[in-house]
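Chemist: After the structure tokens below, expect a handful of questions from me.
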Amino acid sequence: MRKLFLPLSIAVCIICCGCSNKNTECSRQIFAMDTVMDIKVYSDKQTGKSSLDMVEKEINRIDCLLDRKNSDSEIYNINKKKSANISMEIFEIINSALSVSKRTDGAFDITIAPVMDAWGFYDSEFRVPSESELEEALCGVGFEEIQLNRIQRNIDDDELQDISDDVKKDDISADKGGIENLKITMPRNACIDLGGIGKGYASDKVVEVLKNNGIDSSIISLGGNVYALGKRKNGEQWNIGITNPYNKEKIIGTLQLSNKCVITSGGYQRYFESGGVIYHHIINPKTGKSADSGLASVTVIADKGITADGLSTALFVMGLEKSIELWESSTDFEAVIVDVVGNIYITEGIEDTFHSTEKYEVIHRKKM
């Protein structure tokens, strides 16, 4: 078996800020979530450095929070107990993931973890599982079986004083003198993995940190998941290149935009070869095998990273026709789609911002 992809295994590398003048570039490189991340901000030296310090801390926090193999994480605890009280943050992340699952008819599914493990994609110990192994792994897949519940109960003043510090203020309903317990319940054979939306969520939190620190110009690349905050120093929009899935050294075109997240999913990103067959990491939750939808890559452009991350995976699984149908019924994303024979399709919402020397087709909404 020949491994064609290996995740980088390097320590966190920090590039010192080279900011000496007002509104110059400050950059930081971080290794987290099994990928190299690059964040550039434009600010004065002090604000830039302190903001990047906070960004690095936040990324590492989220990495630990979502790592299902980390015994200190909430996700590990959920997968172990199957029924557990959870924080507001995890509740909202899982709720967002389930929302993507519902609107894509399960093409994106956070209960895919047993199947990913069967293929060895989580730890890069790649292997081709037997049909019986896949069948067993698929028994635990099904986002519909996850239940999220909000349970409101009243508390008295004495109990309120005894509430531990890890209970967030958002969980306390002061006007009603109550506390809201957030709970998740799932089947015994289920196991969730939030890696499919993890970097998208992290980009949203990075943007939040930067905005809270007065940063209004930044380019955030979390392993290729890009968020363009504000505009460039010269007042122009950011130019975001979209990788050619058949030659990663080249691009198929660029997008000019600001305050948008751009996330690409493609079979070329992580894969291995065995017996002359290439297996990639984007799994169809219904078959347990690498998605074979006729697509080479899908790029989603959206306001929120968590939305773009989940949808880019789902559209890749769904294929061109169903992806267009979903786009036509939605208002929260645009897309660039490349099929396996090299045809490029873009949705009409980015027609004025997408530029390419390649031939491409613009998908227009059907007129009623």
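The values are calculated or read from the model by the stated rules, or taken from the named source; none is laboratory data. What you see is a predicted model, and the numbers here were worked out from it, not measured in a lab. Ideal geometry is used to build each Cβ from the backbone, glycine not excepted, and the neighbour counts take in all protein chains shown. The area values use the complete protein model at the heavy-atom level, side chains included, leaving out ligands, DNA and RNA. Shrake-Rupley method; radii C 1.70, N 1.55, O 1.52, S 1.80 Å.
Chemist: Grab the Cα-Cα distance for Asp352 and Glu125, subtract it from 0.36 nm times how many residues apart they are, and report the gain in nm with one decimal. Intermediate results must be reported in sequence, preceding the final value.
Modeler: On the way: separation 227, 0.36 × 227 = 81.72 nm, distance 4.35 nm.
Full extension of this stretch gives 77.4 nm more.
Chemist: Please sort 96-106, 356-366, 72-82 by packing, taking for each peptide the average over its residues of neighbouring beta carbons within 10 angstrom, highest first. Intermediate results must be reported in sequence, preceding the final value.
Modeler: Values: 96-106: 18.6, 356-366: 12.0, 72-82: 16.9.
Ranking the peptides 96-106, 356-366, 72-82 by packing returns 96-106, 72-82, 356-366.
Chemist: Sticking with this one: Going 7 Å from the Cα of Ser330 along its beta-carbon direction, which residues of the range 95-122 have the amide nitrogen within less than 17 Å of the resulting point?
Modeler: The answer is 95-110, whose backbone nitrogens lie closer than 17 Å to the label point.
Chemist: Under 19 Å Cα-Cα from Lys57, which aspartates and glutamates qualify once same-chain neighbours fewer than 8 residues away are excluded?
Modeler: Partners found: Asp34, Asp38, Asp67, Asp72, Glu74, Glu89, Asp166, Asp204, Glu208.
Chemist: Moving on. Give the separation of the Cα centroids, the range 28-88 to the range 216-242, in Å.
Modeler: 20 Å
Chemist: Which value in nm describes the separation of the simple spin-label points at Glu89 and Asn77, placed 7 Å from the Cα toward the beta carbon?
Modeler: If labels sit at Glu89 and Asn77, their model points lie 1.2 nm apart.
Chemist: With Cβ to Cβ distances under 14 Å as the rule, what net charge do the other residues near Glu325 carry (K, R +1; D, E -1)? Provide the component values of the computation, followed by the final result.
Modeler: Values: positive: Arg103, Lys322, Arg365, Lys366; negative: Asp105, Glu321, Glu328.
Net of charged neighbours comes to +1.
Chemist: Continuing with this model, one more query. Roughly how many Å² is the accessible area per residue of the chain, as a whole number, for a 1.4 Å probe? Provide the component values of the computation, followed by the final result.
Modeler: Working: 18430 Å² over 368 residues.
Value for the chain: 50 Å² per residue.
Chemist: Under 18 Å Cα-Cα from Lys80, which lysines qualify once same-chain neighbours fewer than 8 residues away are excluded?
Modeler: The qualifying lysines are Lys69, Lys183.
Chemist: Net charge near Val298: determine it from the other residues with C-beta under 12 Å of the C-beta of Val298, scoring Lys and Arg +1 and Asp and Glu -1. Walk me through the numbers on the way to the answer.
Modeler: Numbers: positive: Lys322; negative: Asp309, Glu334, Asp339.
Local net charge: -2.
Chemist: If the cut-off is a Cα-Cα distance under 19 Å, which lysines reach Lys260, setting aside same-chain residues fewer than 8 apart in sequence?
Modeler: Straight-line reach from Lys260, under 19 Å: Lys40, Lys199, Lys205, Lys211, Lys231, Lys233, Lys304.
Chemist: Pull up the DSSP beta bridges for the chain and report the antiparallel fraction as a percent, rounded to 5. Intermediate results must be reported in sequence, preceding the final value.
Modeler: Values: 68 of 71 bridges.
Bridges in the chain are about 95 percent antiparallel.
Chemist: Also, quick follow-up: What part of the accessible area of the chain, given as a whole %, is carbon or sulfur when the probe is 1.4 angstrom? Let's see the in-between values first.
Modeler: Details: 8450 of 18430 Å².
Answer for the chain is 46 percent, counting heavy atoms of protein chains only.
Chemist: Out of Asp309, Asp193, Asp34, any idea which swings most in a Gaussian network model of the chain, alpha carbons joined below 10 Å?
Modeler: Highest fluctuation of the listed residues: Asp34.
Chemist: Can you work out ³J(HN,Hα) from phi for every residue in the range 57-70, in order, using Karplus 6.51 cos²θ - 1.76 cosθ + 1.60 and θ = phi - 60°, giving whole Hz and x for Gly and Pro?
Modeler: Calculated HN-Hα couplings, in order: 4, 5, 4, 5, 5, 5, 4, 5, 4, 9, 6, 6, 9, 8 Hz.
Chemist: Mind listing the long-range amide H neighbours of Gly253? Cut-off is under 5 Å, sequence gap 5 or more, other chains count too, H placed in the peptide plane at 1.01 Å from N.
Modeler: When sequence neighbours closer than 5 places are left aside, the close amide H contacts are Ile242.
Chemist: For Ser101, what charge total do you get from the other residues with a beta carbon under 10 Å from its beta carbon, if Lys and Arg give +1 and Asp and Glu give -1? Intermediate values should be presented prior to the final figure.
Modeler: Working: positive: Lys102, Arg103; negative: Asp105, Asp109, Glu144.
Counting the neighbours of Ser101, the net charge comes to -1.
Chemist: Another question about this same structure. Cα centroids of the range 100-143 and the range 342-368: how far apart, whole angstrom?
Modeler: Answer, in whole Å: 32.
Chemist: In nm, what is the difference between 0.36 nm times the number of residues separating Asp53 and Asn259 and their Cα-Cα distance? List each step's numbers first, then the result.
Modeler: On the way: separation 206, 0.36 × 206 = 74.16 nm, distance 2.18 nm.
72.0 nm is the gain from fully extending Asp53 to Asn259.
Chemist: In terms of the ratio Rg/(2.2 N^0.38 Å) built on C-alpha atoms, what value belongs to the range 306-361? Intermediate values should be presented prior to the final figure.
Modeler: On the way: Rg = 11.3 Å, N = 56, 2.2 N^0.38 = 10.2 Å.
Working it through for the range 306-361, the quotient is 1.11.
Chemist: Rounded to the nearest 500, what is the chain's calculated 222 nm mean residue ellipticity when only DSSP H runs of at least 4 contribute -39500 (n - 2.57) each, over all residues?
Modeler: Details: 9 runs with 108 residues, N = 368.
Mean residue ellipticity at 222 nm (helix-derived): -9000 deg cm²/dmol.
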